[in-house]
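The values are calculated or read from the model by the stated rules, or taken from the named source; none is laboratory data. Not measured: the values here are computed from a predicted model. Protein only, heavy atoms only, side chains kept; ligands, DNA and RNA dropped before computing areas. Shrake-Rupley method; radii C 1.70, N 1.55, O 1.52, S 1.80 Å.
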Amino acid sequence: MPILSPFLKPLLLLTDSNVFMTTAWYWHLRYKEMPLFRVILISWRLAFIEYCMAVPANRYGNAVYNAAQLKTLPEVITFAVFAVFSYFYLREPITLSQGFGFALIAAGAFFVFHKW
């Protein structure tokens, strides 16, 4: 197995963790008849898995990214993961105005990574 780049490893872990967190937050919207307490317990289990990926991602990522960059990465990844989740699972496509809003946030991320 090839060794992952120190730049890529945190990105992959953050993407995986975001899939679990997005699922933890939104999966239940298709199951509104399920009792809220049960939804919370299931979501906590998913969030635990997310934390088991996010914490190492930040630990490994700190070798090549600063704290502001590490905070920005999952925010941008969240929008990409959410757009896919929303479209395929919730069957709610992202609207044009939402896409513009996400793009502006991504533009902000550009400045966090840009060295001046």
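Please turn the phi angles of region 25-36 into ³J(HN,Hα) values with the Karplus equation 6.51 cos²θ - 1.76 cosθ + 1.60 (θ = phi - 60°), one per residue in order, whole Hz, x for glycine and proline.
Listing the rounded values in order: 6, 10, 4, 6, 5, 8, 10, 5, 7, 6, x, 4 Hz.
Suppose all protein chains stay in the model; what accessible area per residue would a 1.4 Å probe give for the chain, in Å²?
71
Enumerate the amide H contacts of E92 below 5 Å, restricted to partners 5 or more residues apart or on another chain; note that Pro and chain-start residues carry no placed amide H.
Y87
When the helix-only estimate is applied to the chain (DSSP H runs of n ≥ 4, each -39,500 (n - 2.57), divided by the residue count), what is the mean residue ellipticity at 222 nm, nearest 500 deg cm²/dmol?
Using -39500 (n - 2.57) per qualifying helix, the result is -25500 deg cm²/dmol.
Take the solvent-accessible surface of the protein heavy atoms, probe 1.4 Å, and return the percent of it on the chain that carbon and sulfur atoms account for.
With neighbouring chains kept in place, the figure for the chain is 72 percent.
Run the reach check for K9 against aspartates and glutamates, Cα to Cα strictly under 19 Å, same-chain hits fewer than 8 apart removed. What comes back?
Straight-distance partners of K9: E50, E75.
Only one of the values (i) 51, 35, 26; (ii) 50, 35, 21; (iii) 46, 30, 25 was calculated from this structure for Cα extents along the principal axes in Å; name its label.
Step by step, Cα extents along the principal axes in Å for this structure corresponds to label (i).
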